[in-house]
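J.: Shown below is the structure under consideration.
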Amino acid sequence: MKEGGGYYAGRIAVTEKLHEMRRQARVVIFREIYEGYVIPVGVWEVRE
């Protein structure tokens, strides 16, 4: 499996929040893509 920018954008957001909270955790991030998803904007969408 090849990770793209969206993978790292989600990972850094979670890492920063956990660091701020001084916590450690296991995290699962789900990103749903529906039929109406026409333009792959991956990273921009995850960062929001």
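The values are calculated or read from the model by the stated rules, or taken from the named source; none is laboratory data. Predicted model, so just to flag it, every value in this text is computed and none were measured. Every residue, glycine as well, gets a Cβ built from its backbone with ideal geometry; the counts of neighbours run over all protein chains shown.
J.: Considering each residue of segment 7-41, count those that are of a type in the set (D, E, K, R) and either modelled with pLDDT under 90 or touching a strand residue (DSSP E or B) at 6+ places or on another chain (Cβ under 8 Å) (or both), and give that number.
T.: Within segment 7-41, the subset of a type in the set (D, E, K, R) is 11, 16-17, 20, 22-23, 26, 31-32, 35.
Subset that is either modelled with pLDDT under 90 or touching a strand residue (DSSP E or B) at 6+ places or on another chain (Cβ under 8 Å) (or both): 11, 31-32, 35.
The qualifying residues number 4.
J.: To continue, here is another question. Between residues in segment 1-21 that are within 11 Å of VAL43 (Cα to Cα) and loosely packed, with under 12 Cβ neighbours inside 10 Å and residues that are modelled with pLDDT under 85 and small (Gly, Ala, Ser), which pairs lie under 7 Å by C-beta distance while being six or more apart or on different chains?
T.: From residues that are within 11 Å of VAL43 (Cα to Cα) and loosely packed, with under 12 Cβ neighbours inside 10 Å, the pairs are GLY4/GLY42.
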